[in-house]
Structure formats: structure tokens, C-alpha cells
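The values are calculated or read from the model by the stated rules, or taken from the named source; none is laboratory data. Remember, predicted model here, so these are calculated numbers, not experimental data. We place every Cβ from the backbone using ideal geometry, glycine too, and count neighbours over all the protein chains shown.
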Amino acid sequence: MAVRVRIAPSPTGNLHIGTARTAVFNWLYARAQGGQFILRIEDTDLERSKPEFTENIFAGLKWLGMEWDEEPVYQSQRAELYQPKIQAFLDKGLAYRAYETPEELDAMRAAQKAAKQAPRYNNQHRNLSAEQEAAYKAEGRQAVIRFKIDDDRVISWKDLVRGNVTWKGSDLGGDVVIARAADPSEIGPPLYNFVVVVDDIDMGMTHVIRGEDHIGNTPKQILLYEALGATVPEFGHTPLILNAEGRKLSKRDGVTSISDFQAMGYEADALANYMTLLGWSPPEPMTERFSLEEAAKAFSFDRVNKAGAKFDWDKLNWLNSQVIHEMDQEDLLTKLIPVWEDAGRTVELADQKAWLMELVTLIQPSLVKLNDAVEESKLFFAETVPFDEKATDLLQQEHGAAIAQGFLTALGEADSLDPDSAKAMIGAITKELGIKKGIVMRSLRACLTGSLQGPDLMQSWMLFNQRGWDVKRLEKALEVAQAG
Ligand code: GLU
């Protein structure tokens, strides 16, 4: 049977890294098996679900390169599917109405806590007499619908990641609520465990691959599959993403959504690569740097770890720098323009394309994230730059003014500048002043960049020269030197 898997995000927030990583494993498995990867939007929480979050989920999956097959399915549009099935459960005695008030349920939990017992529903409304039920109705109580879970049942499955998993019915917290409280003449809105099973059956899912945080739902869902007379799919529970302290990654760890990573200057290829490594190790001879397509060719659940996967910023940064360093320079320029513009810089693409391409060549090897380009190129977006303390000190030493003047004179006499003539110029000035070449180079850097550190000096100088900024900066440097 052709593999059909799904990602089922709730649009109550932006696409979360945990959901995206689950999507990665589903997508890889579908592509590895020649199957289908389906998207279902679990938008039954009408108050918290927002169309902008659905848009963010679509955009995030597309950005990461995980196109889905078929039209997305919206749970909110399928209400009519669930009610008759719940009614059938009631009719067959597989489910029943329970009339406890929230206060009564709280009291039950408090008593269990005091007796040091695990909290569970004690199934007390499972066999209400007709009189008791009539009395609750007469009081105007609302009722939830609970699905019966046999305490003596043992539920086992062979998990794609975790191997054999077994749960006792008695550990499932008692009969599970499948529909929210409503007037007892009606059926309230159905709840996650029920809806997800009905949908997965209806949509023909063969494998349910999701985060380990759902593992406690799986035995309940297996019982629901059985009650609905459906084939139980295969389950795989992927390890959680942990922070440096070994706890589940949360908002406090800096970022949680894919759009946050995007805004921080991470590349989709690097992030998708990194998320795959959060739990999967590629087989030989693959290295840790791969595309999703390459991973799909080699993906299997045998190489997915059981243990939680620690989020490692250094590794993500390393992968991101690899992706940026390998990038075509024209593509990199296209990506950097909005980064510069967001930082308030004016980019004259039409007039300065060749110059911008040279600038990209200069900074590309030092970029870890796209946003680093703001800092790495700060010398290249203004005619003049301020002189920092160390540069000022150097320029105000014995030879500072003579060096600045020497370059100004030489540039005034030169028709044009290229790396060879620039080197000759440095050589001539060094000789003329009878000082060490190192001092001339350091002073030239101070003159041109206002600092003693920065990107490659010769390449930078060529870029300044093409805009006529070297002369402007040397003139300023001369003023600084003479003011000392
Ligand atoms: N909406 C659920 C979630 O986002 C789906 C869980 C599942 O895959 O069954 O966690």
C-alpha cells in the first residue's frame, strides 16, 4: 500500500520548530517511499486559530522546501463527519454521557492527590441508572461524552522509532472525553483524540509520525481505531528537541518559530538540513551537509534516535555558513539587498551592480548569517567613516600625516588604481619615508577604514577607490593626523 503521511499543525501560532521538524521526518519518509505527504490544518479551536497563522505555516513549509501533496484539509470544515460517529458510539454503548461539573472533577483530582494516587477519572458515570441520569438532566447539568477504556486492556504497538511500546489501560487516566460539555440532548464539539483518528482513517493515513509528546495519546487512539472498525496505522514518535539544559526547547530559548529563524538570517537549506540532523544520522558515505532531496534518498527510521535531540546553535551556524559560502554570488546579492535595506541602507543596484558584486565577494567568506552582512559591510555604505581611538592614535604618531599625504599625492598623480599599482604605491611610499612596510599598511588601513581591523585591505581599497571614497577618507585622515 502506498505510504500516506501527514503533518497536522494547529494554526494557533506561527510554524513551530518542533512541528517543522516533525514535518521534515514525514516529508522525508513520504519521498523515500514514493508516498504522499498531506497537510491537515487542525483549526477546531475557533478562538485561538487565526488565518495568519495558517498562512505562516504554509509559507514556512514552502520556504523549507516541503511542498505537500493534494489540497490542504481543514478540520473546521469537517464537523459533520464526527457527530454521527459519536452518536454510533453512544448507541453501541462504547461511549456515554458524564455529568460531573468542573468543580466535582477538581475535587476528585484533589482527593486522589491527597491519597498520593495518579489523577484519573474514576469512571463513576459509566453505568448511571436511568433515574440518576434523569435527575442530572433535571438539574440542568451539561454532559461531556466519554469513550470507555477497559482498565484490563494492554495496548502494544511496534513504534517505527521506539520499537515495542506497551501501555496498560489502567494508565490512561480513565474513560477519555471525546466531546466537550453540551446540553445532554446534543453532542458537544469533538476533541483531539477522536477527531484525529476519524480524520486519519478518512484521509487514508498509513503512518502517523509525530513528536514523542503525543506518545500517551497513541494507546487511546489505537482503542478508537478498533472501536471504529478501522485498520490501525503504523506509529512513529520522534525525539523531542531539547535545549542546552536538556529540557524541551521553549520560547525562553530564543526562538521557536521558523519565521523567527528566517528573520535572524538563517537559510532554508541550512535549517532543513539541521532539523533533519536533530534525531537522524545519515548513513555513510553521506556527510552532515546535505539537501532534503539527498536525505530523502537515504532516509529510514532505523537511523532515527530514541533520545531527545539537543539543539546546537554552533552546528546550525556552521551549516548556515556552509550554505552561504557555497552560494552563487548573484543569488547572495539578491538576498542581501533586503537585509541592507532593512538596516536603513540605500542600495543602488542599477548603478552599482558590479561594485556590489565585488563587495559580496569580499564579505561572503565571513558571513555566518545573512544579517551579518550589516556589520561586515558597514565600511561600504558611506563616503566617510569615523576614526576610532586606536586609529586616531596611530595617525597622530610621527609618520601619520606623511603617510596620508603620500597616498593623496600618489592617487592624485595616478590615472587609475588596480591591485598591482596599489602595491607599487605602497612600496614607493615605504621607501620614500624609510619606515617599515607594516606601519604604512596599518596606517593606510586606519586612513581608509577608521579602524585597525577589518576585511582584506587591498580588496577594500579597490572598492573605496571605485567610488572615489579613498581620497575623501585620506583627506579626513590627514586632518585627524594634523590635529594631533
Ligand atoms: N494538532 C496536533 C499537534 O499539532 C497534531 C498531533 C498529531 O500529529 O496527531 O500537535
Query raised in the report: In region 247-256, what residues are of a type in the set (V, I, T) and within 15 Å of the ligand (Cβ to nearest atom)?
Result: T256
**Report entry** Hits in region 62-107 - residues which are closer than 26 Å to V24 by Cβ and touching a helix residue (DSSP H, G or I) at 6+ places or on another chain (Cβ under 6 Å)
**Finding:** W63, L64, G65, M66
Query raised in the report: Out of the residues in region 297-337 that are among the basic types (K, R) and in a helix (DSSP H, G or I), which is nearest to E212 (Cα to Cα)?
Result: R303
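Does K116 satisfy the condition of being out of contact with any helix residue (DSSP H, G or I) (no Cβ under 6 Å at 6 or more places or on another chain) and in contact (Cβ under 8 Å) with a residue 40 or more places away in the chain?
Details: out of contact with any helix residue (DSSP H, G or I) (no Cβ under 6 Å at 6 or more places or on another chain): yes; in contact (Cβ under 8 Å) with a residue 40 or more places away in the chain: no.
Against the criterion (out of contact with any helix residue (DSSP H, G or I) (no Cβ under 6 Å at 6 or more places or on another chain) and in contact (Cβ under 8 Å) with a residue 40 or more places away in the chain), K116 does not qualify.
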**Report entry** strands (runs of 3 or more DSSP E) lying entirely in region 159-232 (those with 1 or more residues that are more than 16 Å from the ligand (Cβ to nearest atom) and at pLDDT 95 or above)
**Finding:** 163-168, 176-182
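A quick yes/no check of all residues on (1) within 16 Å of the ligand (Cβ to nearest atom); (2) modelled with pLDDT of 95 or more:
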site	(1), (2)
F235	yes, yes
E245	no, no
W280	no, yes
T287	no, yes
Query raised in the report: Is it the case that region 390-411 has a residue that's closer than 30 Å to I324 by Cα, touching a Leu at 6+ places or on another chain (Cβ under 7 Å), among the small types (G, A, S) and assigned to a helix (DSSP H, G or I)?
Result: no
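For region 245-290, how many residues are polar (S, T, N, Q), within 20 Å of M327 (Cα to Cα) and touching a residue at least 24 places away in the same chain (Cβ under 8 Å)? It would help to see each step written out before you state the result.
The first filter runs over region 245-290 and keeps only residues polar (S, T, N, Q), leaving 250, 256-257, 259, 262, 273, 276, 281, 287.
Okay, now just the ones that are also within 20 Å of M327 (Cα to Cα), so 262, 273, 287.
Those still in the list that are touching a residue at least 24 places away in the same chain (Cβ under 8 Å) too: 262, 273.
Qualifying residue count for the region: 2.
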Requested in this report: List every residue pair whose Cβ atoms sit under 6 Å apart, with the two residues 6 or more apart in sequence or on different chains, where the first one lies in region 192-218 and is farther than 25 Å from S300 by Cα and of a type in the set (S, T, N, Q) and the second, anywhere, is within 9 Å of the ligand (Cβ to nearest atom) and not in a strand (DSSP E or B).
Outcome: N193/N217; N193/Q221
Query raised in the report: Is it true that some residue in region 416-436 is surrounded by fewer than 16 Cβ atoms within 10 Å (Cβ to Cβ) and at pLDDT below 95?
Result: yes
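So, restricting to strands (runs of 3 or more DSSP E) that lie completely within region 1-116, which ones have at least 3 residues that are more than 29 Å from G265 (Cα to Cα) and more than 13 Å from the ligand (Cβ to nearest atom)?
The strands (runs of 3 or more DSSP E) meeting that bar are 95-98.
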Report summary line: Going through region 34-82 in order, the residues found to be surrounded by fewer than 18 Cβ atoms within 10 Å (Cβ to Cβ), under 21 Å from M275 (Cα atoms) and of a type in the set (A, V, I, L, M) are A59
Requested in this report: From the list K92, K85, pick out the single residue that is surrounded by 14 or more Cβ atoms within 10 Å (Cβ to Cβ) and over 30 Å from G279 (Cβ atoms).
Outcome: K85
Query raised in the report: Within region 387-409, can you find the residues that are over 16 Å from G484 (Cβ atoms) and surrounded by fewer than 19 Cβ atoms within 10 Å (Cβ to Cβ)?
Result: L408, T409
**Report entry** Condition met for L379 (over 20 Å from N465 (Cβ atoms), buried (at least 17 other Cβ atoms within 10 Å of the Cβ) and in contact with a helix residue (DSSP H, G or I) (Cβ under 6 Å, 6 or more places away or on another chain))
**Finding:** no
Query raised in the report: Could you say which residue among L333, L316 is touching a helix residue (DSSP H, G or I) at 6+ places or on another chain (Cβ under 8 Å), more than 19 Å from T276 (Cα to Cα), in contact (Cβ under 8 Å) with a residue 24 or more places away in the chain and hydrophobic (A, V, I, L, M, F, W, C)?
Result: L333
**Report entry** Selection within region 133-178 - surrounded by fewer than 16 Cβ atoms within 10 Å (Cβ to Cβ) and in contact with a strand residue (DSSP E or B) (Cβ under 7 Å, 6 or more places away or on another chain)
**Finding:** V154, S156, K158, N164, T166, K168
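Among the residues of region 338-356, which ones are part of a helix (DSSP H, G or I) and surrounded by 14 or more Cβ atoms within 10 Å (Cβ to Cβ)? Walk me through how you get there before you give the answer.
Filtering region 338-356 for residues part of a helix (DSSP H, G or I) gives 338-342, 349-356.
Residues satisfying the conditions are V339, W340, Q352, W355, L356.
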